[in-house]
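The values are calculated or read from the model by the stated rules, or taken from the named source; none is laboratory data. These figures come from a predicted structure and were not determined experimentally. Ligands, DNA and RNA are stripped out before the accessible areas are found, and what is left, the full protein with its side chains, is counted by its heavy atoms. Shrake-Rupley method; radii C 1.70, N 1.55, O 1.52, S 1.80 Å.
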Amino acid sequence: MNKITCHCGRCCINLETEKVYRTLICACEDCRQALEWAHKEGGVKPNDLPKLVYVDSDIESFSGLENMRAFQLRKGSNSTRIYCKECFSILAVDHPNYNNERFMFFENHCSTTLDTFLKPNAVTYLDHLPEGSKEIIPSELPQFGDLDKPDQWEEFAALLEKTAYPSSVKEGRGIRLTNILDKVGHIEVLNLEPGAPIKK
């Protein structure tokens, strides 16, 4: 059994899945803003190109619910993030596009026993990369400037379709991330301005 834990060890998600589904490198302002907020509160310092790790939402059990909290960046946000209120590790991210079959977490912003070295499928939202960023963009990976543009989204979706495999999640079995979110209950809305820097 693999697991995802916060850095202080108070929160744990035990996974039925044995492997990572997909990884991406993302420069979008929302990922960066969420990680900067967590860092301001005491979490790990992020870089401008975090690695996103996707796994099947097939959870055997979880612990530390009393230390789990959830937030959205602003009203109407699609992504809901679960974090530990003690160390501000971001444990998991839900999004409607995941269809309750998968969820995402940020490499290095929590701990996991999963092998996360799977090569990323692409680098996304490079148009959001801050001016003057010193991050090295992997030149061997497909690159997308802004997936909010329909033509780029279609190309990106076609790329992902080539590498998709059927979900291992079976109806009526296992716990989904949304079940944990239901138990966490209240979702804090941070009301952050889009793209606004987080000051320490």
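The portion of the accessible surface of the stretch 46-200 made up by carbon and sulfur, rounded to a whole percent, is 48 (1.4 Å probe; DNA, RNA and ligands excluded). Rolling a 1.4 Å probe across the protein heavy atoms gives the stretch 12-78 an accessible surface of 37 Å² per residue. Taking a straight line from the alpha carbon of LYS75, these aspartates and glutamates sit under 14 Å away, with near neighbours fewer than eight places off in the same chain left out: ASP30, GLU188, GLU193.
Counting only heavy atoms of the protein chains and using a 1.4 Å probe, GLU188 has close to 70 Å² of accessible surface. Note on surface exposure: PHE106, PHE88 rank PHE88, PHE106 by accessible area, highest first, 1.4 Å probe.
Let me have the 222 nm mean residue ellipticity of the chain computed from DSSP H runs of 4+ only, each contributing -39500 (n - 2.57), with the sum over all residues rounded to the nearest 500. Before the final figure, lay out each step's value.
Values: 3 runs with 34 residues, N = 200.
Estimated from H runs of four or more residues: -5000 deg cm²/dmol.
The amide H of ASN2, built 1.01 Å from its N in the peptide plane, has LEU15 as neighbours under 5 Å, considering only residues 5 or more places off or on other chains.
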